[in-house]
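Inspection log for the structure reproduced underneath, given as structure tokens.
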Amino acid sequence: MFNSRKASAGLSSPYVAWMTIFIIVPLLMVFYFGLTDAGGAFTFANVASIASPEHLKSLLLALELSFISTVICFLIAYPLALILAHSRISSQGLIITIFILPMWMNFLLRTMAWMTLLEGTGVINTILSFLHLPTQHIINTPAAIVLGMVYNFLPFMILPLYNAVSRIDPAVIEAARDLGAGRFQTLWKITLPLSAGGIISGVTMVFIPALTTFAISTLLGGSKVLLIGNVIESYFMLSYDVHLGSGLSLVLMVFIIINMVVSAVSDAKEQTD
Amino acid sequence: MKGYQRVLSTLVLASVACVFALGGCGSNTSGSAGTGEASASKELVVFNWAEYIDPEVITEFEEETGITVVYEEFSTNEIMYPLLAQDPSAYDVLCPSDYMISKLIEQDMLLELDMEKLPTAREQIGEQYWKESEGFDPGNKYSVPYCWGTVGILYNTTMVDDVVDSWSILWDEKYAGQIYMQDSVRDLLMVPLMMKGYSINTLNENELEEATQMLIDQKPLVQGYFIDQVRDKMIGGEGALGVIYSGEAIFTQRENPDLEYVIPKEGTNVWIDSWVISKEAKNVENAYAWIEFMSRPEIAVRNFEYITYSTPNEGARELIEDEDIKNSEIAFPDLSKYKLETFLYLGEEGDKLYNDYWMRIKSE
């Protein structure tokens with residue numbers, strides 16, 4: 001009003017303070033600890049320790065499992081997003097609510113419920129053996145962790161995909177069909193490229209938390225499957241080595257930054273198109 | 001608008017100042033350390049193992065003394081340590097195990113106890129437990145025993161036909177996918193070290209290497225590495241064999257009569273968990289009152305019946321009504337029959353060495 005720049009500075013200051021205290025300062029601390037040794041001298045050893053066989057193995061395993069989970073999430077979510085976009089408005093809200101509903105319950109509780117479901121004498125096996133079907137034994141294996149990741153992160157894939165697909169003008173699809181494109185060709189050449197922004201943000205929102213998780217792998221992996229998140233957690237919580245823990249966190253940050261750059265570039269491209 | 005803005009910037013400044021003040025706090029408090037000023041504070045922060053007390057006992061302590069107890073729990077010594085190290089004034093009275101107590105003593109983090117203030121504890125805790133404690137707390141200056149026990153194999157008699165008397169059964173392929181191991185570094189490495197006849201406090205890299213390799217070979221047979229959950233899985237019939245603390249054994253047998261507990265012939269770890277007071281505790285007098293309260297036989301026996309971990313309290317053992325449990329070979333074994341060893345603190349280098357091997361086993 002009188003001085004809009006001053007006013008907006010005043011209004012944004014709570015957020016600026018919040019960001020400084022809880023995001024920037026901790027981030028700088030991670031950088032500081034990650035690049036120093038116990039004596040406080042500068043070193044690259046913490047970051048370089050990612051190359052040790054134990055750390056590398058857990059990083060590669062985490063990359064592999066989160067990649068598989070992301071692909072599965074995408075394969076489930078994309079058809080659902082298409083169905084949703086083409087269904088009646090009233091049923092859209094219902095289906096979205098059904099997918100969001102479990103998120104109102106605590107994430108750890110939901111994952112612990114899977115432990116009870118998957119156990120050797122758990123709910124699923126009891127039902128399977130009642131029906132004289134072969135029982136499953138996936139608890140405490142990487143497969144159980146993938147299941148946990150897909151289950152927990154699927155809504156994060158559905159929502160951006162649904163948003164992107166429903167924004168596509170039906171006239172564009174109709175035009176493609178009029179001009180002789182088959183169903184598959186329309187999907188491949190028109191729908192998919194037009195929803196690229198949603199795909200990238202969905203992939204980011206599944207891949208990053210899956211890559212860094214340690215709770216899911218502890219609960220469903222029986223502490224037998226060590227992901228990079230577990231390694232970092234154990235340096236902070238067990239061996240009290242904040243330097244090594246921070247150093248490895250910096251390595252993980254590289255993957256997060258790569259992901260952010262990709263989505264920023266695609267956003268920019270979308271704007272210019 | 002101007003006034004509003006000023007209020008905001010003051011708030012921001014104040015919160016920034018707060019953060020710095022808090023940051024400074026951690027290092028400043030050491031100045032008033034150990035004076036144990038007899039403040040009339042009505043609070044006490046207890047940091048104990050998870051599920052390691054009869055909750056009604058806490059309420060009774062609060063009612064009798066008027067002290068409000070803030071009760072926090074940990075599941076391994078290794079998890080407890082960084083939390084205490086970050087802010088030693090955050091906790092008053094804690095209950096770590098033997099080797100962790102010697103680490104805390106070495107790092108000057110514990111308050112030297114005034115035994116004059118602990119007459120009940122001095123009288124009720126058995127002589128042999130004070131003597132046993134000398135191994136990690138020479139002169140009994142810092143700790144008062146709370147619970148003790150052994151580590152052994154819990155097995156399900158409906159699933160295991162062999163005689164269980166050796167750690168080696170945990171490597172038997174017949175039981176693949178039905179074995180549970182402990183998820184903490186010392187308890188896990190203890191098993192192969194004992195089996196091979198090495199010291200469980202060894203710093204010999206060849207011996208540790210061999211033990212590590214054995215655990216890596218065993219990994220495909222193991223269903224999972226757990227702490228408290230070994231108990232639940234064994235009760236639920238989820239496993240044939242599990243490495244477990246003796247204190248859990250009586251409880252699991254109550255819930256599932258098919259379970260048996262053995263101390264393997266190669267020997268095992270005997271441990272003591274004791275009350276200690278943080279050197280920078282804010283409520284020292286209340287902490288003394290807590291330890292005294294816990295050492296009363298009628299309180300100790302209720303804790304024993306609730307958590308079923310062996311009590312070093314002689315008066316409490318006399319009060320146990322069930323003769324079978326009073327003379328139970330699990331709760332009160334004749335220690336002279338077994339080869340036993342207590343964990344010792346191995347120093348920073350030793351800790352790091354063990355953690356490196358642990359990481360290798362876990363990442364395999």
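Towards the positive end of the charge dipole of the protein assembly as shown, with charges on Cβ (+1 Lys, Arg; -1 Asp, Glu), say which of B:A289, B:Q182, A:L238 has the farthest Cα.
So the residue furthest toward the plus end is A:L238.
List the lysines whose alpha-carbon lies under 27 Å from that of B:K282, not counting same-chain residues fewer than 8 positions away?
Cα-Cα hits under 27 Å: B:K42, B:K103, B:K117, B:K141.
Give the aspartates and glutamates reachable from B:K337 as a straight Cα distance under 15 Å; neighbours fewer than 8 places away on the same chain don't count.
Once the sequence-local aspartates and glutamates are set aside, what remains near B:K337 is B:D165, B:E266, B:E329.
Whose amide H sits under 5 Å from the amide H of B:F74, counting only residues 5 or more places off or on another chain, with H placed in the peptide plane?
It is B:N48, B:W49, B:A50, by chain and number.
Size of the dipole of chain A about the Cα centre, Lys and Arg at +1 and Asp and Glu at -1 on the beta carbon, nothing else charged, in debye to 20?
Dipole about the Cα centre, nearest 20: 480 debye.
By the scheme Lys and Arg +1, Asp and Glu -1, what is the net charge of all other residues having a beta-carbon under 12 Å from that of B:A249?
Charge balance in the 12 Å sphere: -2.
Looking at A:I173, A:I72, A:A143, which one has the Cα that reaches farthest to the positive end of the dipole of chain A (charges on Cβ: Lys, Arg +1; Asp, Glu -1)?
A:I173
Amide H of B:Y146: which non-local residues (sequence gap of 5 or more, or other chain) have their own amide H closer than 5 Å, using H built in the peptide plane?
Amide H to amide H, under 5 Å and 5 or more residues apart or across chains, B:Y146 pairs with B:D273, B:S274, B:W275.
For chain B, take the longest principal axis of its alpha carbons; what is the angle in degrees between that and the long axis of helix B:347-363, to the nearest 10 within 0 to 90?
For helix B:347-363, the angle is close to 60 degrees.
Using the charge dipole of the protein assembly as shown (Lys, Arg: +1 at Cβ; Asp, Glu: -1 at Cβ; taken about the Cα centre), state which of B:L104, A:G221, B:A300 has its Cα farthest towards the positive end.
Positive-most Cα among the choices belongs to A:G221.
Placing unit charges on C-beta atoms (Lys and Arg positive, Asp and Glu negative, everything else neutral), compute the dipole magnitude of the protein assembly as shown about its Cα centre in debye, rounded to 20.
Roughly 3980 debye for the protein assembly as shown.
Mind scanning A:K224/B:K265; A:K57/B:K219; A:K224/B:K339; B:K339/B:K362 and naming the pairs with a C-alpha gap bigger than 19 Å?
Check vs 19 Å cut-off fails for A:K224/B:K265; A:K224/B:K339; B:K339/B:K362.
What is the dipole size for chain B, taken about its Cα centre, with +1 at each Lys and Arg Cβ and -1 at each Asp and Glu Cβ, in debye to the nearest 20?
1260
Mean Kyte-Doolittle hydropathy of -1.0 or higher plus an axial Cα length of 20 Å or more: which whole DSSP H helices in chain A meet both? Could you put the intermediate results ahead of the total?
Working: long enough: A:4-19 (22 Å, -0.03); A:53-86 (49 Å, 1.49); A:142-167 (37 Å, 1.21); A:196-212 (24 Å, 1.71); A:242-272 (44 Å, 1.24).
Counting only whole DSSP H runs, the qualifying helices are A:4-19, A:53-86, A:142-167, A:196-212, A:242-272.
Based on other C-beta atoms within 10 Å, arrange B:R296, A:R5 from fewest to most.
Taking fewest neighbouring Cβ atoms as first place, the list is A:R5, B:R296.
Taking chain B as the reference, fit the longest principal axis to its C-alpha atoms, fit the long axis of helix B:284-295 to the helix C-alpha atoms, and give the angle between the two in degrees, 0 to 90, nearest 10.
The angle comes out at about 30 degrees.
Can you sort B:D351, B:D98, B:D258 so the residue with the fewest Cβ neighbours within 10 Å comes first?
By the 10 Å Cβ count, ascending: B:D258, B:D351, B:D98.
No value in this document is a laboratory result; all are computed from the given coordinates. Note that the coordinates shown come from a computational prediction; the quantities given were computed from them, not determined experimentally. Heads up, the Cβs are rebuilt from the backbone with ideal geometry, glycines too, and the neighbour counts pull from every protein chain shown.
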